[in-house]
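All remarks here apply to the structure that follows.
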Amino acid sequence: MTPIFRNRGLATRMNISCVVIGFAALFGCWELWSAYGAGQGAGTNMLFAFFFIGGAVYAGKQIRDGSLDSVVSLDADMATREASVVIWRPFSKVTLAGPLDRLTDWQFQMKGKGRVRTPILTAHHPDYPRPLEFELTKATTPLSRELKALAPDAVAAFERAGGH
């Protein structure tokens, strides 16, 4: 199969983020345990426990909402039109295999709010409940000729928006 799209650093970045979130949650639990053992002087420990556990919950939700539909790779055999899409999961992956033509409704969008926005291409696959997200960063561009042929309108919109 020919690589059509690769987001090499995505899985590593997201897995490291999950480890950091895990450490923050463990540290928050340790602070909570220390607070119960400290008796009267437990206010600071309780405050740290609240911030670390709350921060871990918030960060976990952000990772879930922001990256659970992110595509790590798209490979295809252009002769047979068979494809394999790999989607990131914490410390694992989900693979969708089948005909390349099952990827439909390609669109260019900007993901994020305010000044932190990432250009993405989205596509629908019948075996996946939400649109698949293909991040378009310096690590994933220039786009392959196969991806340009697969999603010509979406890629053209990306290039009009000043894409790499």
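Could you compute the net charge surrounding residue 66? Neighbours are other residues with a C-beta less than 14 Å from the C-beta of residue 66; K and R count +1, D and E count -1. After counting each charged neighbour, the total is +4.
Given the pairs 93/113; 61/113; 111/148, which span a C-alpha to C-alpha distance of over 24 angstrom in this model? 93/113, as the Cα separations exceed 24 Å there.
Calculated mean residue ellipticity at 222 nm for the chain: -14000 deg cm²/dmol, from DSSP H runs with n ≥ 4 weighted as -39500 (n - 2.57), summed, divided by the residue count and rounded to 500.
Listing 14, 1 from fewest to most neighbouring C-beta atoms within 10 Å gives 1, 14.
Normalised by the number of residues in region 11-66, what is the relative contact order in percent for Cα pairs under 8 Å and 6+ residues apart? This gives 40 percent for region 11-66.
For region 89-131, chymotrypsin sites (Phe, Trp or Tyr not before Pro) meeting the loop criterion (DSSP other than H, G, I, E, B) and having at most 11 other Cβ atoms within 10 Å: 91. Loop-located trypsin sites (Lys or Arg not before Pro) in region 89-156 (DSSP state not H, G, I, E or B) with no more than 14 neighbouring Cβ atoms inside 10 Å: 115, 138.
What the pair-distance distribution of region 11-66 shows, using all Cα-Cα distances binned every 10 Å from zero, is 27, 42, 21, 9, 1 percent.
With a sphere of radius 15 Å drawn around the Cβ of residue 8, what net charge do the other residues whose Cβ falls strictly inside it have (Lys, Arg +1; Asp, Glu -1)? Residues close to residue 8 contribute a combined charge of +2. Here the relative contact order of the chain, from alpha carbon pairs under 8 Å that lie six or more residues apart, stands at 22 percent.
The calculated FRET efficiency for the pair residue 57 and residue 12, based on their C-beta separation and a Förster distance of 25 Å, comes to about 0.60.
Please give me, ordered by residue number, the trypsin sites (Lys or Arg not before Pro) of region 48-88 that lie in loop per DSSP and have at most 13 other Cβ atoms within 10 Å.
Taking region 48-88 and a limit of 13 other Cβ atoms within 10 Å, the loop trypsin sites (Lys or Arg not before Pro) found are 81.
Taken together, the values in this text are just the output of simple stated rules run on the coordinates, not laboratory data. If you're wondering where the values come from, they're calculated on a predicted model, not measured in any experiment. Every residue, glycine as well, gets a Cβ built from its backbone with ideal geometry; the counts of neighbours run over all protein chains shown.
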